[in-house]
Amino acid sequence: MQSMCTRMPTKRRRVQVPGEGETDKKKVSGIQREKDVVSSKYFPSMNTRLLSDFYNKPCINLAKSFLGQILVRRLPDGTELRGRIVETESYLGGEDEASHSRGGKRTERNVAMYMKPGTIYVYQIYGMYFCMNVSSQGEGAAVLLRSLEPIEGLDAMRNFRNVKRNIQKPLKDKELCNGPSKLCQAFAIEKTFDRQDLADDQSTWLEAGPEVQEEDIVSCARIGISNAGEWTRKPLRFYIKNNMFVSVRDKMAETSGST
């Protein structure tokens, strides 16, 4: 993608956030309620980690479902970063001329795209930046995480971003994660995260965030796609309307009410 082995059967299982107590849990619609393991103003008494069933959706549906969910990154020192997903792009696999898996292409680089839904696919661009994707239903299909609204651990995010920047002008909050490589920098996500499972990884996962209504989702063309024929303009990018943390707003799509 700009954003994306044989699919290996994986047994679905209940997963605990590290440090969770031995309490009864209730699973509803693919969402596992779990005891909160950190002090958080967003989930004061209970975190809701998204497990395997959440990711087992067609690519476009998953890309929209990601909007509003919370990406969590636990650093080696125990610090946790959180950001609300506000922008995504879907890449539909073999038929999609803009996908890394177009034509059914399988390589060592893109093998994560063919793994179970919820598998992280990280690839490098320009030899130094990374982009994070998540596999979905469909052979070689995956969703690119484009932008986050940072909500916890902003100082650490700034430090990570500044390591990669030559200009030391202070970053505004909206500049921390408003692009796929920026969010990877801010969350210290690199190639080592490739092929990890978001449903049970101990350093990166998703938690349920506020629901985003269909009428608040803008659908428009993906960013930076060229030489992909009709796929260049297909409305496969999705973002929360009027959100200031989106990388690039499409005013025409917003005014036309494209959803």
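Quick rundown of the values:
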item: Among VAL163, ILE120, SER181 - extreme Cα towards positive end, dipole of the stretch 112-196, charges at beta-carbon; result: VAL163
item: Candidate residues TYR129, TYR114: accessible-area rank, largest first, probe 1.4 Å; result: TYR129, TYR114
item: Largest to smallest accessible area among ILE120, ILE125 [probe 1.4 Å]; result: ILE125, ILE120
item: Distance between the stretch 240-255 and the stretch 118-158 - C-alpha centres, whole angstrom; result: 19
item: Residue pairs, from the table LYS64/LYS116; LYS57/LYS251; LYS105/LYS191; LYS57/LYS241; LYS57/LYS105; LYS172/LYS241, whose Cα atoms sit over 25 Å apart; result: LYS57/LYS251
item: Per residue solvent-accessible surface (Å²) - the stretch 96-171, probe of 1.4 Å; result: 44
item: Surrounding net charge for GLY229, when Lys and Arg each add one and Asp and Glu each subtract one, Cβ distance under 14 Å; result: 0
item: For the stretch 57-106 and the stretch 182-209, distance of Cα centres in Å; result: 10
item: Those GluC sites (Glu not before Pro) in the stretch 81-155 that DSSP places in a loop and that have at most 10 other beta carbons within 10 Å; result: GLU108
item: Cα radius of gyration and Dmax for the stretch 167-259 (Å); result: 15.9, 42
item: Accessible-area ranking of ARG165, ARG249, largest first, probe 1.4 Å; result: ARG249, ARG165
item: Dipole of the stretch 197-246, positive end: most advanced residue of ASN242, LEU198, ILE223 [Cβ charges, Cα centre]; result: ILE223
item: Solvent accessible area, Å² - SER226, 1.4 Å probe, full protein context; result: 80
item: Rounded to the nearest 10 Å², the accessible area of ASP250 at probe 1.4 Å; result: 30
item: Cβ-Cβ FRET estimate between ASP53 and LYS169, R0 fixed at 35 Å, reported to 0.05; result: 0.20
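The values are calculated or read from the model by the stated rules, or taken from the named source; none is laboratory data. A quick note: this is a predicted structure, and the numbers were derived from the prediction, not measured. Ideal geometry is used to build each Cβ from the backbone, glycine not excepted, and the neighbour counts take in all protein chains shown. The area values use the complete protein model at the heavy-atom level, side chains included, leaving out ligands, DNA and RNA. Shrake-Rupley method; radii C 1.70, N 1.55, O 1.52, S 1.80 Å.
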